[in-house]
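Read-outs: derived from the displayed coordinates by stated rules, not from any lab. Just so you know, these numbers come straight off a predicted model, no measurement behind them. Glycine gets a Cβ as well: all are built from the backbone with ideal geometry, and neighbour counts include every protein chain shown.
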Amino acid sequence: MSAVAPSGRAPFDAAVTGIGMVTAAGVGTAATWEAVKEAAATAAREVPELAGMPVSFACTVPDFDAAAHVGRRKAWRLDRSNQLAVAAAAEAVADSGLDPSDWDGARVGVVLGCGLGGATSWEKQYDALRDGGPAAVSATLIPMLVPNMSSGYVAMEIGARGPNLVTATACASGTTAVGTARELLRSGVCDVVVTGGTESCVVPSISTGFSQMGALSGRREDITGASRPFDVDRDGFVLAEGAAVLVLERQADAEARKAGIRARVSGYGASADAYNATAPDPEGSGAELALRAALADADLAPRDIRHVNAHGTSTPLNDRMESRLIRRVLGDRPSVTSVKGVLGHSLGAAGAIEAAVTVLSVEHAYVPPTANLDSQDPEIGLDVVAKEGREAPAGPAVSNSFGFGGQNAVLVFTAA
């Protein structure tokens, strides 16, 4: 790499030293990685709370015991999105080998992405207000629903007293958080940043809102085949919940303590479409700004990218736009996958989950397949990995995220 990247700044690598995940595949990074590698079907389930709604299935975290992960006395005070974040952060910090009792908490930051905040608590407490009046509403409603509490609770658990914030860029929130965390390291403000994203909004109002927009898959008779990114028969995404957290450190610091570096965050770019509130720019011109900025930040050329972890929502508009973007900037060389075929779309957490999977792909030189891709849409024109995973150098790799409001964010990962 050159001393100064085309972006005008010196290249900077943030070492990923820890990963934690809680997804529809299960609790823990290993469960998610194995499910994504197998890519047998969408991890969708009928959700009792969605009974009678236009779409009654979603990708929810199975067998999550909040009391076991955050403590029985704390669990009832935390929205489910916060519980998932705390559980993922605990795994990530343990995986990093760092000991919160030994670090300087003032030099440790927390940056998480979240699109909707405590939607589960909000809806539950609204029902309480409607049915039982003001006296039935919990005094903890506000701290349960405000989006920043996910990073706040994680900081309380690990004694992180540095910058603490939540990014809200819709379905790009988790990716924006990781990019922001890297900047805190680059600027020298922090020595360690715990970053990622969380979301839990599988509730009637949110599900119905997306359904009314025509965004959700309507495959009621085939819910395990409902999320099918890049497939000619895709008809919408499957709503999901989950969380993923990465521990980032400066490369030199991680090497000095002989940490296991799983991969490096080497580039980040962000942009806006300035086009439409919910639909992406059909040509992806706004997203192209983010992708090219991330490549410049990493001091890499388009031909250097070997793999793309796509936003790949399984919606007709997104998949078509993203394929045009990838072909135009990166060509048809990189392998492409979308984990939403297995895990569904967890909105503000999606970018963080996909960043974690991209780290694992780079680390293990393995590209997992896209689930339910039976017949690739001829308009896609990409090397989308399907049916079976591929053992091949997976880095450098990019992870794309796009969201309502024309939000675009892209990360570049390289091997340790």
Would you mind putting 237-247, 405-415, 330-340 in packing order, based on average other-beta-carbon counts within 10 Å, highest first? 237-247, 405-415, 330-340
Read phi for every residue in the stretch 15-28 and hand back ³J(HN,Hα) as whole Hz from Karplus 6.51 cos²θ - 1.76 cosθ + 1.60, θ = phi - 60°, with x for Gly and Pro. 7, 8, 10, x, 9, x, 9, 9, 9, 5, 7, x, 8, x
For the stretch 149-204, count the residues as N, evaluate 2.2 N^0.38 Å, and divide the Cα radius of gyration by that value, please. 1.20
For the stretch 48-107 and the stretch 192-224, what is the centre-to-centre distance using only Cα atoms, to the nearest Å? 18 Å
What is the Cα radius of gyration of the chain over 2.2 N^0.38 Å, N being its residue count? 0.91
Considering only Gly351, Gly196, Gly267, give the residue with the highest GNM mean-square fluctuation for the chain, with springs between Cα atoms whenever their separation is below 10 Å. Gly267
In deg cm²/dmol, rounded to the nearest 500, the helical mean residue ellipticity at 222 nm of the chain, built from -39500 (n - 2.57) for every DSSP H run of length 4 or more, is -10000 deg cm²/dmol
Residues Met156, Met149 arranged by fewest to most Cβ contacts within 10 Å: Met156, Met149
Are there GluC sites (Glu not before Pro) in the stretch 372-413 that DSSP marks as loop and that have at most 16 other Cβ atoms within 10 Å, and which are they? Glu379, Glu388
Taking every alpha carbon pair in the stretch 121-170 and sorting the distances into 5 angstrom bins from 0 up to the bin holding the longest one, the percent per bin comes out as 4, 20, 20, 16, 14, 13, 9, 4, 0
Taking Cα atoms only, Rg over Rh for the stretch 267-410 with Rh from the Kirkwood formula is 0.92
Just rank Phe404, Phe12, fewest to most, by other beta-carbon atoms within 10 angstrom. Phe404, Phe12
For Lys258, give me every one of the lysines with a C-alpha distance below 30 angstrom, ignoring sequence neighbours fewer than eight places off in its own chain. Lys37
Cross-link candidates for Lys74: which lysines have Cα within less than 25 Å, leaving aside residues fewer than 8 places away along the same chain? Lys124
What trypsin sites (Lys or Arg not before Pro) in the stretch 1-70 are in a loop by DSSP, with at most 15 other Cβ atoms within 10 Å of the Cβ? Arg9
Which of the three applies to the stretch 233-297, rounded, prolate or oblate, going by the alpha-carbon gyration tensor with a ≥ b ≥ c and a/c under 1.5 meaning rounded? oblate
Cα radius of gyration and Dmax for the stretch 1-82 (Å): 19.5, 59
When 1/r is averaged over all different Cα pairs and the result inverted, which Kirkwood radius in Å belongs to the stretch 287-363? 13.1 Å
With Cα springs under 10 Å, the Gaussian network model of the chain assigns the largest mean-square fluctuation among Thr176, Thr23, Thr278 to Thr278
Please compute the contact order of the chain in relative form: average sequence separation of alpha-carbon pairs under 8 Å and at least six residues apart, divided by the residue count, as a percent. 24 percent
Exactly which trypsin sites (Lys or Arg not before Pro) in the stretch 171-255 are in a DSSP loop and have at most 14 other Cβ atoms within 10 Å? Arg220
Rounded to two decimals, what ratio of Rg to Rh does the stretch 14-256 give with C-alpha atoms and a Kirkwood Rh? 0.99
